[in-house]
Amino acid sequence: MHALTIAPFTVPEHWLITPASHFVDRFVPDCEQILLPAKQVEGGTLTLSRGPLPAPVPASRTARLLKRAKSEPAPKGDVIDLRRDAPQNWAHFLNNHLPLTFKICALMEIDPADVTLLVPPNTPAYIKAAADLLGITLLASDAHFQGEGLLYDLTPWTGLRPERHLWVDCNEVRNRTRTVARNTRPDGIPLPQKAFLSRRDTRTLENETEVSDWLRTKGFVKLYVEDLSAADQFRLFNTAHEIVAIHGAALASLLYTHANTRPKRLIELMPCGHMTDVYRVMAAQLGIGWTGVRGRIKPNYVTPAYDLSQPFLSQSLDSFSIDIAALNRALDLAPTLTDRAR
């Protein structure tokens, strides 16, 4: 049995820039420049043991009632069941499940290359590609595997946030990602040193053309990360010096950058319906300057935003627009760099 207490992490002050409005002055509109205070990200506890692998829990009550998981013998070697908290999501897998895997292996003194990770059967190919890059074996199945595995309890699940940047800072990860970062792209086309990461389908920019054209004058190249291979996503974040990005899973590879090649600055564009500090925290841990730029407020956001009795979640995937004046203010600010926490 291993037990680990995950200490809190203190995030320094950062700037958040809002669109120009009359909330500052009723005659002369201007951007609000909000100084986000330092804050503490709470940790948790991680306990590890060996024992019989538990039966997977179906996602819904209906599935639990109608379906009984088939039973199969467990794969040979060490097994970790990661079929919880959506490992099918690129950001969740890279920023939660994989760091947890590397920490479990470190505590149990096991080579991650010798471990099989159980993931849901609908795990997409790009998740498997990322695992391959890092030398990790995945088994996508909803079966109940009979046999022993490495059992863990992480409470709360978000309790890994203060230390996950340290959990991937190990020889196995460094060696793999360094090789990927140094390799040239198969097409020979270099990745940009100043990248604008936009989005399709959800949380899109309503004025993307305006923003993209303006950023082009500043030397930024627009990319859709889903057009890049898993390897190129790791390369991009070890190539670009500056990144302007819409908040989302496209930023997940930031965690795997190297100290001498990671971006110096990240400007994160966020709609009012999805304000979060996930990558602000990560940037602080990696010593990357972070500035947030908030999108324009839509009228239907106002009432629920002031209802403090419940989270404001329903507008998370809405499209939004960014004020060029706010983006320009963010670019003019000197990035706030922090020392990497160790």
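Assess whether residue 250 counts as being among the small types (Gly, Ala, Ser), more than 16 Å from residue 168 (Cβ to Cβ), in the same structural domain as residue 225 (by TED's automatic domain parsing) and buried (at least 23 other Cβ atoms within 10 Å of the Cβ).
So residue 250 fits the description; yes.
State all residues of region 3-39 that are within 18 Å of residue 286 (Cβ to Cβ), out of contact with any Gly (no Cβ under 8 Å at 6 or more places or on another chain) and not hydrophobic (A, V, I, L, M, F, W, C); if no residue qualifies, say none.
Answer for region 3-39, where residues must be within 18 Å of residue 286 (Cβ to Cβ), out of contact with any Gly (no Cβ under 8 Å at 6 or more places or on another chain) and not hydrophobic (A, V, I, L, M, F, W, C): 10, 12, 13, 39.
Please find, within region 203-239, the residue that is farthest from residue 131 (Cα to Cα) out of those that are modelled with pLDDT under 95 and either small (Gly, Ala, Ser) or outside any helix (DSSP H, G or I) (or both).
239
Can you tell me which residues in region 16-32 are aromatic (Phe, Trp, Tyr) and within 18 Å of residue 271 (Cβ to Cβ)?
Hit for region 16-32 is 23, nothing else.
How many residues does region 114-129 hold that are more than 15 Å from residue 86 (Cβ to Cβ) and of a type in the set (A, V, I, L, M)?
Within region 114-129, residues that are more than 15 Å from residue 86 (Cβ to Cβ) and of a type in the set (A, V, I, L, M) number 3.
Determine whether residue 276 is in the same structural domain as residue 203 (by TED's automatic domain parsing), β-branched (Val, Ile, Thr), under 18 Å from the mean Cα position of the chain (by Cα) and in a loop (DSSP other than H, G, I, E, B).
yes
Could you tell me how many of the residues in region 158-177 are of a type outside the set (Phe, Trp, Tyr) and closer than 25 Å to residue 10 by Cβ?
Summing the residues that are of a type outside the set (Phe, Trp, Tyr) and closer than 25 Å to residue 10 by Cβ in region 158-177 gives 13.
Those residues that are assigned by TED's automatic domain parsing to the domain that holds residue 144, farther than 27 Å from residue 161 by Cβ and part of a loop (DSSP other than H, G, I, E, B), I need them from region 1-56; list them, please.
55
So which residues in region 67-93 are outside any loop (DSSP other than H, G, I, E, B) and either without any contact (Cβ under 8 Å) to a residue 24 or more places away in the chain or of a type outside the set (A, V, I, L, M) (or both), if there are any at all?
Across region 67-93, the qualifying residues are 71, 72, 73, 78, 81, 90, 92, 93.
Select from region 290-315 the residues that are among the hydroxyl-bearing types (Ser, Thr, Tyr) and loosely packed, with under 15 Cβ neighbours inside 10 Å and list them in ascending order.
303, 306, 309, 314
The values are calculated or read from the model by the stated rules, or taken from the named source; none is laboratory data. All of these numbers come straight from a predicted model, not from anything done at the bench. For neighbour counting, all protein chains shown are included, and Cβ atoms are generated from backbone atoms with ideal geometry for every residue, glycine included.
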